Structures are given as C-alpha cells and as structure tokens.
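The values are calculated or read from the model by the stated rules, or taken from the named source; none is laboratory data. Keep in mind it's a predicted model, so treat the numbers as computed, not measured. Counting neighbours? That spans all protein chains shown, and the Cβs are built from the backbone with ideal geometry, glycine included. These accessible areas exclude ligands, DNA and RNA; they are computed on the full protein's heavy atoms, side chains included. Shrake-Rupley method; radii C 1.70, N 1.55, O 1.52, S 1.80 Å.
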There are 2 protein chains.
Amino acid sequence: MPFYDSVVPAYLQMLGTMSAGLKKAEAYAAAKKIEPAVLLGTRLFPDMLPLSRQVQLACDFATKGSARLSASEVPSVPDTETTFDELQARIAKTVDYLKSFKPEQFEGAETRDVTFPTGPGKTTTLTGQQFLTSFSLPSFYFHVVTAHDILRMCGVDVGKRDYLGAN
Amino acid sequence: MPFYDSVVPAYLQMLGTMSAGLKKAEAYAAAKKIEPAVLLGTRLFPDMLPLSRQVQLACDFATKGSARLSASEVPSVPDTETTFDELQARIAKTVDYLKSFKPEQFEGAETRDVTFPTGPGKTTTLTGQQFLTSFSLPSFYFHVVTAHDILRMCGVDVGKRDYLGAN
C-alpha cells in the first residue's frame, strides 16, 4: 500500500468536511441574520482561536504535512481570509495543491527523516511515519474538529455524519 | 514500515492525552468546587454528547479499530463509567488492550477487507487502510478533540501542547 494513501486522502476527506460545514454555516448566518464576521470570529473560549483561524490552520497542516512528507518545498500561505468566500477559496486552493501530488512522491517517506519547527528556534526530527502519526494528523484533526465544534456550539446543523463526509 | 505503526501508536498517544486532561479537570473541579458529575456531564451544545461519553467513545474507537484491523474478536465494553476514577480505569484498560497487540498481528491488514457497522442493520466494507484513514482515525480524533474542547470551554488549563502530549 503506497504511503501516499495514509496521507493525502486523510487530508482531502476532512477538507471536504470543512468546506461543507462552512457552506451550512454561511446559510445559517444568513437565515438567522448573524453577521458572517461574528460567526467566523466565534471561539469556544476567549483564549482559543476563532473559527476562521481553525480553518486556516487545518489548511496549513494539510499543506505543510504533504510538502514535508514528499520532500517538496514547503509553501508559505499568508492568513488573510476574513469572509466565507475567502475561506472556501483557501480550502479549494489547498485541495488543488494536495491533488497535485503523485503517489510516487511519497515513496519511502515513512522511513525518511522529517525535520519541522516545534517552537521558536526549535526543530524536531522524526521519521515520516512518526511525523504523520504523532504530529501532523493529530494537529490537522485538532483544527478540523474544533472548527466543527464551534459550528455545533453556534447551532449550525452539522453532525457526525457530516463530519465523516457521509452526507 | 509495519502497518501497526500507523494504528496502535496513534491511539495510544491520544489516550495518554485524554487521561492527562481528565487529571487536570479533576483537580480543577476540586479547586473550583464544581461537582465532578457536572463537569463530566458538560456538553458543547444540548444535543451533543457529554464529556464522559466522548471519553468512552474515544476508547471504543481505539479498541474496535485495533481489533478489526488485526482480525481479532471485537470486544464489547459496556459504558458504565460515571466518575473520574472510573473513566481513568476505562482509559487504562484500553491502553492495556492496545499494548497487548504485536506488530505481526497487523501484517497485511492495510489491504485486507474490514467490514464494520455503519448504521442500524447496515455494514460497510473497506480495505484496512481506507477503514483506518476514512473512518476509524477521524472518528477517534473527533471524540478526543471534542473532549479537549469541552475541558477548554470549562476553563480547564489544557492547551495544544498538552493535546500533542508535549507537556
């Protein structure tokens, strides 16, 4: 089984989930006359990041995870999105980037060293498999699920089946 | 790289995270004179599951995911826990179960068919890799992150570094 199959499909599935969730959120905000910026600025707790940042960070972990594991140049994407349309475009751009990879680019990545930043002036080196399992996927899901949880807390009608992409 | 490395360490890391988070939550409840049952019954939204169920479900996805991928008998664990101690014991039991597996038991699992229930009277069959990537891990992280988000919403001092097990 190509290592690619552990990486790119995992990111793609949940980016689809986030995009669908944001579409429902946008319709919900319009129906309830909630200012889109208010919904996108909602946090679970005052010192947590708002919905828009959760979406940007999920995109970032998908992009950088795939780049590092395929030994590609790591793209730097500025976090400038402030509207539903802009966040959808960010997700679409991330999906396009992920779809540009070929399975061959991940050949041998599971045993190759990946060095990545883990704090100011600090890096960590792990094998590709460890990087994926212990850092990249948990970080990615953290932001995808927290975005989902913010939508749920706001009353948007998204459920576990939406999250898994089954609806 | 053995397929085991994509499965068991992923579950173990986050079960450790949940256990540590619940320890902080228990101390927090004691300090703030919050009834433990109230904290364990907290939900992000009225129609979501409470903290205790999020913990039980995370344990369940780890247990059943490993069982199905290793073609072992799938254990059925009743959800009876109502206290911090009982939930810690449930997590510890899940950790012991996961640690009982040997890498050989997952050999070839990535291409083997896994049939699992996906609704009343409904099953789905996927390859082991697809089952892990599209269903088991996303479901597991869903409950782990939602448990974390409930703790955060309650003001418990757990952060992203705790979540990744870096603290």
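Residues in the stretch A:49-63 that are under 16 Å from A:MET153 (Cβ atoms) and open to solvent by 10 Å² or more (accessible area, probe 1.4 Å): A:LEU49, A:PRO50, A:SER52, A:ARG53. Residue pairs whose Cβ atoms lie under 8 Å apart, separated by 6 or more positions or on different chains, with the first residue in the stretch B:120-139 and more than 11 Å from every other protein chain (Cβ to nearest Cβ) and the second at pLDDT below 95 and open to solvent by 40 Å² or more (accessible area, probe 1.4 Å), are B:THR123/B:PRO117.
Can you find a residue that is farther than 20 Å from B:LYS93 by Cβ, open to solvent by 60 Å² or more (accessible area, probe 1.4 Å) and of a type in the set (D, E, K, R) anywhere in the stretch B:5-16? No: the stretch B:5-16 contains no residue that is farther than 20 Å from B:LYS93 by Cβ, open to solvent by 60 Å² or more (accessible area, probe 1.4 Å) and of a type in the set (D, E, K, R).
For the stretch B:31-48, the candidate set comprises residues that are open to solvent by 70 Å² or more (accessible area, probe 1.4 Å) and aliphatic (A, V, I, L, M); within that set, the residue that is farthest from the chain's Cα centre (by Cα) is B:ALA31.
Exactly one residue out of A:SER76, A:SER66, A:SER19 is within 26 Å of B:ALA109 (Cα to Cα) and either of a type in the set (Ser, Thr, Tyr) or part of a helix (DSSP H, G or I) (or both), and it is A:SER66. Among the residues here, B:LEU87 does not qualify as hydrophobic (A, V, I, L, M, F, W, C) and either within 21 Å of A:PHE3 (Cα to Cα) or within 14 Å of chain A (Cβ to nearest Cβ) (or both). Checking each residue of the stretch B:104-113 against the condition of being farther than 22 Å from B:TYR163 by Cα, open to solvent by 60 Å² or more (accessible area, probe 1.4 Å), in a loop (DSSP other than H, G, I, E, B) and touching a Gly at 6+ places or on another chain (Cβ under 6 Å) gives at least one match.
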